[in-house]
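The values are calculated or read from the model by the stated rules, or taken from the named source; none is laboratory data. Please read these numbers as outputs of a predicted model, since none were measured by experiment. Cβ atoms come from the backbone with ideal geometry, glycine included; neighbour counts cover every protein chain shown. In case anyone asks, the SASA skips ligands and DNA or RNA and just uses the protein heavy atoms, side chains included. Shrake-Rupley method; radii C 1.70, N 1.55, O 1.52, S 1.80 Å.
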Amino acid sequence: MGDLSILVLHGPNLNLLGQREPEIYGSSTLNDIDQALIQLSAELDAKIQPLQSNHEGSLVDAVQSAAKQHQGILINAAAYTHTSVALRDAIASVGLPAVEVHLSNIYKREDFRHHSYIAPVVVGQISGFGADSYTLGLRALVNHIRSQH
């Protein structure tokens, strides 16, 4: 199933990884994470299309377009996790399996970060493993998609 394609969405401020609060988010840059995902996707006989945006509407547009070109979505909605009904509704509407990932353990942080609008419309959530959250999420998503076919 080498035609398996996964949309990888990175939300607001993730473009600052590596310099933004490394004690919380680690020292990996967004490019480091994307390169690790590209390498893993090749091992999994899949491909990824990464996209980072600080704009909620751009992320919603990408989710809406995903149904035509991808079989799943790996998403770190970042701050939009806790605020965006629009992103939640977009994920629910496209009917693609999605996995939510977070670098930090959102449940060990401020109370407002404990609620995810995204969690109820995804297959699962992985948080707290730094950059590994993404690779764990990609592996879990690919396995889930393949188990459904």
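If the condition is being part of a helix (DSSP H, G or I) and of a type in the set (S, T, N, Q), then region 76-88 contributes only T81. The set of residues from region 129-145 being of a type in the set (S, T, Y) and more than 19 Å from H70 (Cβ to Cβ) comprises just one member, S133.
I'd like to check something: does region 38-45 contain any residue that is touching a strand residue (DSSP E or B) at 6+ places or on another chain (Cβ under 8 Å), at pLDDT 95 or above and of a type in the set (D, E, K, R)? Checked against the condition, which is being touching a strand residue (DSSP E or B) at 6+ places or on another chain (Cβ under 8 Å), at pLDDT 95 or above and of a type in the set (D, E, K, R), region 38-45 yields at least one hit.
Across region 96-124, the number of residues qualifying as open to solvent by 40 Å² or more (accessible area, probe 1.4 Å) and in a loop (DSSP other than H, G, I, E, B) comes to 6. In region 38-55, the residues that are within 16 Å of G11 (Cβ to Cβ) reach residues that are open to solvent by 30 Å² or more (accessible area, probe 1.4 Å) with C-beta atoms within less than 6 angstrom, at least six apart or across chains, in these pairs: Q52/N15.
The rows are residues; the columns are (1) open to solvent by less than 50 Å² (accessible area, probe 1.4 Å); (2) part of a helix (DSSP H, G or I); (3) in contact (Cβ under 8 Å) with a residue 40 or more places away in the chain.
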{"residue": "D34", "(1), (2), (3)": "yes, yes, no"}
{"residue": "A90", "(1), (2), (3)": "yes, yes, no"}
{"residue": "S93", "(1), (2), (3)": "no, yes, no"}
{"residue": "I126", "(1), (2), (3)": "yes, no, no"}
{"residue": "G130", "(1), (2), (3)": "yes, no, yes"}
{"residue": "I145", "(1), (2), (3)": "yes, yes, yes"}
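Annotation note: of T29, T81, the sole residue that is under 18 Å from G128 (Cα atoms), among the hydroxyl-bearing types (S, T, Y) and under 11 Å from the mean Cα position of the chain (by Cα) is T81.
State all residues of region 57-75 that are among the small types (G, A, S) and either open to solvent by 10 Å² or more (accessible area, probe 1.4 Å) or part of a helix (DSSP H, G or I) (or both); if no residue qualifies, say none.
G57, S58, A62, S65, A66, A67
Among the residues of region 9-29, what is the count of those that are modelled with pLDDT of 95 or more and either of a type in the set (A, V, I, L, M) or outside any loop (DSSP other than H, G, I, E, B) (or both)? Looking only at that region, the number is 2.
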